[in-house]
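A.B. asks: Just passing along the structure, written as structure tokens.
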Amino acid sequence: MPADESLLLCCLLWAHPGEEAAMSAYEDRVLALLGTHGGEVLERLRGDGAAGHPHEVQSFRFPNQASLDAYLHDPERLALADERDRVVARTELFPVERLSPRA
């Protein structure tokens, strides 16, 4: 981890069948809370979910683990748990490291 302790994360999301648009709307709502905890969305990409691929790929940054934990335990986010369970089939969240672009 870099000396500044910031966290760079990748999130892969799969929607329940037929809930792709609802999952995207849910993500709009919860990702809007990131800034409250010092986080920021770096990129958000949509896939078609074909062949087991995710429907959405996100990358975001938090200043530290405490900020990520605060976001994950945000009461507004937790209040949407039923909606999340209805639309999101699977989530994978993992730390990543930025690589220099190829010349």
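We did not get these values from a lab; they are worked out from the coordinates using the rules stated. Everything numeric here is computed off the predicted structure, so don't read it as measured data. Every residue, glycine among them, receives a Cβ derived from its backbone with ideal geometry; neighbour counts consider all protein chains shown.
A.B. asks: When the stretch 23-41 is examined, which residues are found to be under 11 Å from the mean Cα position of the chain (by Cα), β-branched (Val, Ile, Thr) and more than 13 Å from Leu8 (Cβ to Cβ)?
C.D. replies: Val30
A.B. asks: Taking the residues in the stretch 26-51 that are out of contact with any strand residue (DSSP E or B) (no Cβ under 8 Å at 6 or more places or on another chain) and in contact (Cβ under 8 Å) with a residue 24 or more places away in the chain as candidates, determine which candidate is farthest from Ala66 (Cα to Cα).
C.D. replies: Residue satisfying both the conditions and the ranking: Arg29.
A.B. asks: Being more than 15 Å from Ala15 (Cβ to Cβ) and either of a type in the set (Phe, Trp, Tyr) or surrounded by 15 or more Cβ atoms within 10 Å (Cβ to Cβ) (or both) is the filter here; which residues of the stretch 42-63 pass it?
C.D. replies: Ser59, Phe60, Arg61, Phe62, Pro63
A.B. asks: For Ser100, indicate whether it is hydroxyl-bearing (Ser, Thr, Tyr) and surrounded by fewer than 13 Cβ atoms within 10 Å (Cβ to Cβ).
C.D. replies: yes
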